[in-house]
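Everything on this sheet refers to the single structure shown next.
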Amino acid sequence: MRRDATSRAEDQPVARPRGQQQTVRQPGKTVQAGKTVQAGKTVQQPGPSVQQSLVGEGPARPRIERQAVTRVFDGITCYEVPARAALERVPEAAELPFAWGASPYRGCESGCGYCTARRGHRYLGLDPGRDFSTKIVVKTDLARRLRRELDSPRWSGEPVALGLTGDCYQPAEEIYRLMPGVIRALAEAANPFTVLTKSPLVLRDLDLLREAAKVTQVGALVSVGFVDDRLRRAVEPGAATPQRRLEICATLNEAGIPCGVLMAPILPLITDSTDHLLATVRRAAEAGAVSVTPVVLRLPAGAREWYMGWLEREHPGLVPRYQALYGRGQVAEDGYRRRIAEQVRGLAETYGIGRDTRRWRRRRSPTRQLALV
């Protein structure tokens with residue numbers, strides 16, 4: 001999905017790229033390319049534009065469909081909704097070095113079988129399995145909402161992670177272009193932030209990130225849990241290759257945006273061998289990663305069923321060992337997680353990751369408003 005536009009997304013309606021099929025759903029009918037298909041017949045519409053409705057069809061529809069404007073782009077359904085809140089607490093169980101996050105999208109076209117954000121689709125009346133990668137919630141006014149919350153006297157200016165409930169640079173971002181507005185909002189507030197992504201699209205906003213880095217601490221984490229591309233095709237079917245992600249890491253670092261590798265997730269009994277860990281840390285070091293953060297696979301409800309279904313099909317012999325390792329909880333046994341973390345820390349030290357990390361220094365007064373173009 002692509003959208004060619006240079007205007008700010010939060011101030012502009014969604015534009016459909018040339019040659020791309022778009023469908024807008026209204027109660028009881030589907031509108032596509034100036035035609036209405038209803039009750040088995042096609043009726044010509046008077047013009048190319050259509051009136052959109054927020055009214056749902058009834059209780060049989062998913063909850064999110066009764067609250068959103070629905071558009072379909074090349075088979076991907078996007079639910080456009082206003083953001084109830086921009087800043088959200090990051091669960092401690094996530095084992096990430098952030099207390100707060102903000103995400104333009106819920107759901108992700110990468111379709112990673114292990115993604116813990118899958119459980120969020122349950123609360124929307126969607127299937128956390130098959131719907132997660134094909135039905136994306138889009139918070140169209142996130143930047144505006146974020147500005148208000150950052151301006152609140154109750155906000156203490158803590159670092160914010162971007163993209164925890166769905167990659168903030170997934171293909172939908174090519175259409176909606178929400179991230180430039182989000183980056184501007186954080187820069188204008190001089191609020192530290194870190195972008196989490198697997199997508200090369202982050203390089204589109206490199207100039208914005210560099211401008212923001214003049215007034216606040218800006219960083220990035222590229223998720224590379226392993227470097228085996230055959231495994232990537234099995235559990236991360238829509239994501240860029242590990243090699244491409246490491247190239248993103250190198251490009252960001254060369255441009256002055258400190259980028260580390262989020263080694264997540266490490267899959268027990270699959271990518272936790274010494275060879276796997278060593279290969280991933282070594283490749284991260286070669287890409288110039290400023291840090292490596294290991295995160296062992298979590299299996300909350302929603303993600304657990306989807307991942308364990310894949311495991312039963314592809315590695316049935318590992319199922320009993322997973323059941324013993326995870327028991328009834330969503331995290332692996334403490335001793336196992338500590339052992340993996342120590343191994344990765346030792347490998348990172350061996351390869352010199354983090355030794356030359358530059359200290360951030362303010363290069364522009366935060367009182368001076370940025371003009372980011």
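The values are calculated or read from the model by the stated rules, or taken from the named source; none is laboratory data. Note that the coordinates shown come from a computational prediction; the quantities given were computed from them, not determined experimentally. FYI the Cβ positions are ideal-geometry reconstructions off the backbone, even for glycines, and counts take in every protein chain you see. The protein model used for the area step is the full one, side chains on, heavy atoms only, and it has no ligands, DNA or RNA in it. Shrake-Rupley method; radii C 1.70, N 1.55, O 1.52, S 1.80 Å.
A few comments on the model shown:
- Reachable aspartates and glutamates from residue 135, criterion Cα separation under 19 angstrom, eight or more residues apart if same chain: 57, 65, 74, 80, 109, 127, 167, 173, 174, 236, 305
- Region 253-294, accessible surface, carbon-and-sulfur percent (1.4 angstrom probe): 50
- Computed on the Cα trace of region 264-306, the radius of gyration divided by the Kirkwood hydrodynamic radius gives Rg/Rh = 1.07.
- Rounded Å value of the spacing that divides the Cα centres of region 137-171 and region 120-136: 21
- Only protein atoms count toward the accessible area here, which uses a 1.4 Å probe; on region 116-201, the carbon and sulfur part of that area reaches 49 percent.
- Listed peptides 105-118, 220-233 by packing density, highest first (mean Cβ within 10 Å): 105-118, 220-233
- Listed by chain and number, the aspartates and glutamates whose C-alpha is less than 17 Å from the C-alpha of residue 214, apart from same-chain residues fewer than 8 away, are 188, 205, 254.
- Residues in region 170-237 average 27 Å² of solvent-accessible surface per residue, probe 1.4 Å, ligands and nucleic acids excluded.
- Per-peptide packing, taken as the mean over residues of other Cβ atoms within 10 Å, places 312-321, 88-97 in the sequence 88-97, 312-321 from highest down.
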